[in-house]
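All remarks here apply to the structure that follows.
The values are calculated or read from the model by the stated rules, or taken from the named source; none is laboratory data. Quantities reported herein were computed from a predicted structural model and do not represent experimental measurements. Counting neighbours? That spans all protein chains shown, and the Cβs are built from the backbone with ideal geometry, glycine included. Heads up: the accessible areas ignore ligands, DNA and RNA and are worked out on the full protein's heavy atoms, side chains in. Shrake-Rupley method; radii C 1.70, N 1.55, O 1.52, S 1.80 Å.
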Amino acid sequence: LLQQAVCTAFHDADAPVLLDIYAAGETPLPAVRTSLRYEGLISQGQREVYYVRERTAVLPFLQRALRPNDILLTLGAGDVWQVGEAFLQVAGEA
């Protein structure tokens, strides 16, 4: 039930970009994997969703994908907020 709720939560997003889920000091749960979230979003009707497996690849991906007036929203635990900060820094240099 929670898996379905998570997978339908992004219906209003144009193109969610997923990064790997990692355990933060606890034992990883087999059912909590980015690949399952990706598959769930697709199966729940998300038209466009991306899974960027390598953290170092996310910034180049965003530079190619985002257009003027797009909104980048970072959600998650840990240091995912740094993705937005890095994008703003690179975008300001362009």
(request) Please list, in chain and number order, the residues 5+ apart from TYR51 or on another chain whose amide H is under 5 Å from its amide H, with Hs placed from the backbone. (result) LEU18
(request) Only Lys, Arg, Asp and Glu count, each charged at its Cβ (+1, +1, -1, -1), so figure out the dipole size of the chain about its Cα centre, rounded to 20 debye. (result) 220
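To the nearest 0.05, how large is the calculated FRET efficiency for ARG55 and ALA9 if R₀ is 30 Å and r is the Cβ-Cβ distance?
Numbers: r = 23 Å, r/R0 = 0.75.
With R0 = 30 Å, the Cβ-Cβ based efficiency is 0.85.
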(message) At 1.4 Å probe radius, can you tell me the per residue accessible area of the chain in Å²?
(response) 75
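Specify whether the C-alpha gyration tensor of segment 46-91 places it in the rounded, prolate or oblate class, a ≥ b ≥ c being the square roots of the eigenvalues: rounded for a/c under 1.5, otherwise prolate if a/b is larger than b/c and oblate if not.
Cα axes put segment 46-91 in the rounded bin.
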(request) Using the Karplus curve 6.51 cos²θ - 1.76 cosθ + 1.60 with θ = phi - 60°, work out ³J(HN,Hα) for each residue of segment 79-88 in order, rounded to whole Hz, and write x for Gly and Pro. (result) 9, 4, 4, 5, 4, x, 4, 5, 5, 4
(request) Would you mind telling me the share, in percent, of accessible area of the chain contributed by carbon and sulfur at probe 1.4 angstrom? (result) 56
(request) Return a whole-number percent for the relative contact order of the chain, with Cα pairs under 8 Å and 6 or more residues apart as the contact set. (result) 27
(message) Here are labelled values, (1) 40, 23, 23; (2) 47, 29, 17; (3) 43, 33, 16, and one is the computed Cα extents along the principal axes in Å for what I pasted. Which one?
(response) (3)
(request) Starting at the first residue of segment 5-12, write each ³J(HN,Hα) from the Karplus equation 6.51 cos²θ - 1.76 cosθ + 1.60 with θ = phi - 60°, in whole Hz, x for Gly and Pro. (result) 4, 5, 6, 9, 5, 9, 4, 8
(request) Read phi for every residue in segment 21-26 and hand back ³J(HN,Hα) as whole Hz from Karplus 6.51 cos²θ - 1.76 cosθ + 1.60, θ = phi - 60°, with x for Gly and Pro. (result) 8, 10, 6, 10, x, 10
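Compute the relative contact order of segment 1-51 as a whole-number percentage, counting only Cα pairs closer than 8 Å that sit 6 or more residues apart in sequence.
50
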(message) For a protection proxy built on the mean count of beta-carbon atoms within 10 angstrom, sort 23-31, 49-57, 74-82 highest first, please.
(response) 49-57, 74-82, 23-31
